[in-house]
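The block underneath contains the structure these notes are about, expressed in structure tokens.
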Amino acid sequence: MYRISYKAFKFEAKNALLYKIDPRAKLLISMYSMTISIIIFDITSITLLTIYLIAYIAFLGQILKKILRNLIVLTPLIIIIFLANYLVTFDIIKSLVPAIKLISVVLSMNIFFLTTSPDDFSLTLEKLRIPLAITLAFSLSLRFIIVLSKQLNEIIEAQLSRGYTLDKGGLIQRIKNFIPILVPMIVLSIKRSIDIAETLEVR
């Protein structure tokens, strides 16, 4: 229940058209779609854009399963956004717009990030003359997300194998139950960051 599927964020090369497009073109498409998603406030337009993006990524990128995984992870946030807007506007249509906007923005980001390898991403930033320090930071961050999600799953499985339960007690107790998960997670993340810094320093 608490495990995170890191595969939803992991790049996997496929023989699909979207993977073969120049990363700069994909970045432009992604940014354009994201901008349109943000400036549209009409329920019909934003819904049609979202459907178009799903079809575009599914057929050209063949990553429909990954998209669904990402959207499932975001479901609680989407519900919160809808409810928060409904409590203010008391209008279902107006409340749906920002929730669908979030889905559309995530899909726009997927066009680039799920179909572009970290190496191609770094090269794209270099070709755009982004400073090397920023390029390296972005590249490492992309790889770090995968590593952290795998690490989190390993910690959760280790704690569960020892008989530790995460869904016991009330809300406050459940939050406290995650402390044995977060502490080793933070320690391992700091250690990994130090290792990377030392490796870069040696090079």
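Would you mind ranking THR115, THR165 by Cβ crowding within 10 Å, fewest neighbours first?
THR165, THR115
Within 10 Å of each residue's Cβ, count the other Cβ atoms and sort LYS150, LYS176 from fewest upward.
Lowest to highest Cβ neighbour count: LYS176, LYS150.
Which length gain, in nm to one decimal place, applies between LEU77 and PHE144 when the Cα-Cα distance is subtracted from 0.36 nm times their residue separation?
Gain on stretching LEU77 to PHE144: 21.8 nm.
To the nearest µm²/s, what D does Stokes-Einstein give for the chain at 37 °C and 0.692 mPa s, using the Kirkwood radius over alpha carbon pairs as Rh?
Estimated diffusion coefficient is 169 µm²/s.
Using DSSP to define loop residues, name the trypsin sites (Lys or Arg not before Pro) in region 90-141 whose beta-carbon has at most 15 other beta-carbon atoms within 10 Å.
Counting only loop positions with at most 15 other Cβ atoms within 10 Å, the trypsin sites (Lys or Arg not before Pro) in region 90-141 are ARG129.
For a quick check, take a GNM of the chain with Cα springs below 10 Å and name the residue from ALA158, ALA58, ALA133 with the largest mean-square fluctuation.
ALA133
Just so you know, all these numbers are worked out from the coordinates, no wet-lab data involved. Everything quoted here is computed from the prediction, not taken from an experiment. Because the Cβ atoms are built from the backbone with ideal geometry, glycine has one as well, and the counts that use them run over all protein chains shown.
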